[in-house]
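Shown next, in structure tokens, is the structure this report addresses.
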Amino acid sequence: MGMAEASLDAALRECFERNDRKKLVRFARQATNALLTNESDFMTVAALGVYAAYYGDGGLFEVVADGLYAYHGTLNYGTHEVEVKKLRILNAIYELGAAAVRFGEYGWINPLVNRTYQASEGYGFASWVRECQVLASQTHQFGEHEHGMAISTALAEIREHPILRPDLPGDCDPEGDDDAKRVYDHVLNSLCGFDYLYCVCVYAAGEGAAGAYPACIYFKPERVNTAIAGVFGNGGKGVHELLPDTDDEDIADGLRKFLGLVASEAMSHSPWVWYDSSGYVSQFLDAHPARDGSGN
């Protein structure tokens, strides 16, 4: 615990290459437990989850997500320290989710995001993601230029810390050389794609109030196309990976509600015109008409 980023990066690579899973699981539990006393360990926790996705270890990815969620449940409202920590949790969720998108692990997204949070006796959030997002927004945790909310804040961390993008070494800079721009676009696309799929999961299978908010509308709609193609392309076969326990009609119903929100929010707040530029979502909805027969 507490080692320098370059040392941690080398240690994680070595442990994963050796398939030293017992050590990695033990370290993941140690790192998430350490959040109770050391805020700086958020980076270690996020790096463990990203590396688990990089090496295709869904069990370890779940250990990290479970540890974050358990820690999230210990934080009560009322202090600035809690507000800051919940934004750090939100960033970590987006960093894990973006990694899952980059490596095509779409089946890991719904279990990550559809974790409820009971804000009060009579009101519960369908997703802890939305609860963290709402708190950060209400307490002005997002900066003046962070219109993309956690997409923007997680992007800043991933750019600064290469350990959060082991698949994309080098600089991550929209103003840099061609390689740096390519890395930046890949990272931002994966964050936007995760944000989009998180919303789909909550609207299709979430339990509770507050839904999910599409922060991705503040970026070009094409930035979600890779994620959409991975799930809705190829005849929509990836939908059953994303939401294996939800039938297609319920997914289509949730998707229509979500797209209605996207349209209204984009019209009011986005600099971009949002539409299904991939064509795959429209194909899925055409194949699963609205139950009232309206097609809407």
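The values are calculated or read from the model by the stated rules, or taken from the named source; none is laboratory data. Please read these numbers as outputs of a predicted model, since none were measured by experiment. Glycine also receives a Cβ, built like all others from the backbone with ideal geometry; neighbour counts cover every protein chain displayed.
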Glu249 in contact with a Lys or Arg (Cβ under 8 Å, 6 or more places away or on another chain), of a type outside the set (S, T, N, Q) and in contact (Cβ under 8 Å) with a residue 12 or more places away in the chain: yes
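Residues checked against (1) hydrophobic (A, V, I, L, M, F, W, C); (2) at pLDDT 95 or above; (3) out of contact with any Phe, Trp or Tyr (no Cβ under 6 Å at 6 or more places or on another chain):
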| site | (1), (2), (3) |
| --- | --- |
| Glu17 | no, yes, yes |
| Ala31 | yes, no, yes |
| Glu39 | no, no, yes |
| Met43 | yes, no, yes |
| Ala46 | yes, yes, yes |
| Asp66 | no, yes, yes |
Within region 228-281, count every residue that is among the β-branched types (Val, Ile, Thr), over 25 Å from Phe103 (Cα atoms) and in a loop (DSSP other than H, G, I, E, B). 1
Ala53 passes all but one of (1) closer than 24 Å to Thr139 by Cα; (2) under 16 Å from the mean Cα position of the chain (by Cα); which number fails? (1)
Pairs under 6 Å by beta carbon, first residue within 15 Å of Thr44 (Cα to Cα) and without any contact (Cβ under 8 Å) to a residue 60 or more places away in the chain in region 4-20, partner surrounded by 10 or more Cβ atoms within 10 Å (Cβ to Cβ) and charged (D, E, K, R), six or more apart or different chains? Cys15/Lys23
Among Gly78, Gly122, which is within 26 Å of Gly254 (Cβ to Cβ), out of contact with any strand residue (DSSP E or B) (no Cβ under 6 Å at 6 or more places or on another chain) and at pLDDT below 90? Gly122
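Can you confirm whether Tyr198 is of a type in the set (Phe, Trp, Tyr), at pLDDT 95 or above and in contact with a Leu (Cβ under 9 Å, 6 or more places away or on another chain)?
On the way: of a type in the set (Phe, Trp, Tyr): yes; at pLDDT 95 or above: yes; in contact with a Leu (Cβ under 9 Å, 6 or more places away or on another chain): yes.
Yes.
Okay, residues lined up against (1) surrounded by 13 or more Cβ atoms within 10 Å (Cβ to Cβ); (2) within 15 Å of the chain's Cα centre (by Cα); (3) without any contact (Cβ under 8 Å) to a residue 40 or more places away in the chain; (4) in a helix (DSSP H, G or I):
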residue	(1), (2), (3), (4)
Val25	yes, no, yes, yes
Asn33	yes, no, yes, yes
Asp41	yes, no, no, yes
Thr44	yes, no, no, yes
Gly49	yes, yes, no, yes
Gly59	no, no, yes, yes
Asp66	yes, yes, yes, yes
Tyr71	yes, no, yes, yes
Val82	yes, no, yes, yes
